[in-house]
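Reviewing the structure listed below.
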Ligand code: 5GP
Ligand code: ZN
C-alpha cells in the first residue's frame, strides 16, 4: 500500500515539518486554505478517525492543540478551524487520518459553513435514538 502521509512520516518524502514525537507528526499542508495551514497525523497508518487505536488519541489531540496554538500565535490569527474529512463522501482525499488546522482572519472571507437543515417534529428524537442504539461505550 502506498500512502503519501506514511512516506512523509518515514521521511521518504519531503515535507515542511513543524514538530514530531514518537507517535505523531505535524507538517504544513502543501495547498493551504490560508498560509500556515497545518496538518497533524498519527505516524501509524489509520485510514480515518474511527480506525485510530486508542493509544494514539491522546497524543494526537495534544499535538493538535500544540499546533493550533503555535499557528495562531505565529500568524497572529484571530481564529482557527480544526477539522478532518473522513471518507470520500466527506471530501477526504488522503486516506491516512489527518487533522487540518487553518488560521483564520475576519478579513479572509473563507466560507466553511454549509446550509443548515431543520428537523421536523419528533425527528430529532428519532435520530438521537438511532445513534444511541449504535453506541459502544
Ligand atoms: P483531505 O482532502 O484528505 O481532507 O486533505 C488532504 C490534504 O493533504 C489536502 O489539503 C492536501 O493539500 C494535502 N496534501 C496532499 N498531498 C500532500 C503532500 O504530498 N504534502 C503535503 N504537505 N500535503 C499534502
Ligand atoms: Zn499512511
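Each value in this text was obtained by applying a stated rule to the coordinates, not by laboratory testing. All values derive from a computational prediction rather than experimental measurement. Glycine also receives a Cβ, built like all others from the backbone with ideal geometry; neighbour counts cover every protein chain displayed.
Summary of values
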| quantity | calculated |
| --- | --- |
| Exposure proxy order (Cβ contacts within 10 Å, fewest to most) of 58, 39, 28, 137 | 137, 58, 28, 39 |
| Ranked 127, 80, criterion: other C-beta atoms within 10 Å, fewest first | 127, 80 |
| Degrees separating the helix 123-133 axis from the principal Cα axis of the chain, which is the longest one | 60 degrees |
| Calculated P(r) of the range 10-113 - Cα pairs past 17 Å, % | 51 percent |
| Rounded to 10°, Cα long-axis angle of helix 54-75 versus longest principal axis of the chain | 70 degrees |
| Helical contribution to [θ] at 222 nm, DSSP H n ≥ 4, -39,500 (n - 2.57), averaged over the chain, rounded to 500 | -9000 deg cm²/dmol |
| Rounded Å value of the spacing that divides the Cα centres of the range 94-137 and the range 4-34 | 26 Å |
| Residue 128/residue 50 FRET efficiency (R0 22 Å; Cβ-Cβ; nearest 0.05) | 0.65 |
